[in-house]
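Every read-out reported here was derived from the displayed coordinates using simple, explicitly stated rules and does not represent laboratory data. Just so it is clear, the structure is predicted and the values come from calculations on it, not from any experiment. Here the Cβ positions follow ideal geometry from the backbone for every residue, glycine too, while neighbour counts run over all protein chains shown.
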Amino acid sequence: MNTTRRVVSGVVLGLALVLVVAGTASAATHKPDGWVRYGGFGEYSGSQYPEPGSWKGKNIYNTTALNQTVIKKTSGAYFDNQYFYFDVTIQNDGAVSDRFKVKGGGDPTVKYFKGSTNITSTVKAGTYTTASLAAGGKATIAVRIRVNFAQTVLITLTSVADTTRRDAVKAGVNKQACGC
């Protein structure tokens, strides 16, 4: 009779252990990590004057961009064809390969690029998807914000394999009074 109780206890404990391990593995399997930094100042012609800032958001995970925000403060007048650039890196901190959907906002002057390719319409629609990234792999996109407009854009990253796994970063321009 003791033997039967031990076997039943062993089975119940064994099942409980399997459920805990599966729950833990699932949480770590799909994990987007977004980072953002100020990339520099540029013109529509494509000339860019890099003065990159430090990355914000590495190994921080939330959907509000808390501690994952970069705001460029500026004052004075600029030409309409001048922009601030921000780099957004999407890293796969999960245990398996994954793709990530990227959704970003902004008025019509905000543009998104992958290299020299304009991906604005798909990012704003929330349909832009990265290539498959191996565990630890990353991809970078650029956000271009016109300097004469104060605005902040939220960029959300969502695992394609597990849409409950998300992260977010913010980039923006804070236009201040010149005092000239």
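Just to verify a number: FRET efficiency for Ala95 and Thr64, C-beta to C-beta distance, R0 = 30 Å, to 0.05? Display every interim value, and only then the final one.
Values: r = 25 Å, r/R0 = 0.83.
Efficiency for this residue pair is about 0.75.
Which aspartates and glutamates, on any chain, are close to Lys103 with Cα under 13 Å apart, when same-chain ones fewer than 8 places away are left out? In chain and number order, the partners are Asp167. Taking amide H positions as modeled 1.01 Å from N, with prolines and chain starts lacking one, the residues under 5 Å from Arg165 and 5 or more places away or on another chain are Ser159.
Sort 135-144, 88-97, 107-116 by the packing proxy (mean of other Cβ within 10 Å over each peptide's residues), most packed first. Display every interim value, and only then the final one.
Details: 135-144: 17.5, 88-97: 20.0, 107-116: 14.8.
Going by the mean number of other Cβ atoms within 10 Å, highest first, we get 88-97, 135-144, 107-116.
Suppose R0 equals 35 Å. What FRET efficiency, 1/(1 + (r/R0)^6) with r the Cβ-Cβ distance, do Ala28 and Ser54 give to the nearest 0.05? Taking R0 as 35 Å, the efficiency between Ala28 and Ser54 is 0.85. Computed over Cα pairs, the Kirkwood radius of region 103-161 leads via Stokes-Einstein (1.002 mPa s, 20 °C) to a diffusion coefficient of 173 µm² per second. On the beta carbon distance between Asp162 and Thr109, with R0 = 25 Å, the FRET formula returns roughly 0.15. Averaging 1/r across all pairs of distinct Cα atoms in region 31-176 and inverting the result yields a Kirkwood radius of 15.1 Å. Taking amide H positions as placed 1.01 Å from N in the peptide plane, with prolines and chain starts having none, which residues 5 or more places from Thr69, or on another chain, fall under 5 Å of its amide H? So Thr69 has HN proximity to Lys170. At full extension, Ser132 and Asn174 could sit 11.7 nm farther apart than now, given 0.36 nm per residue minus the alpha carbon distance.
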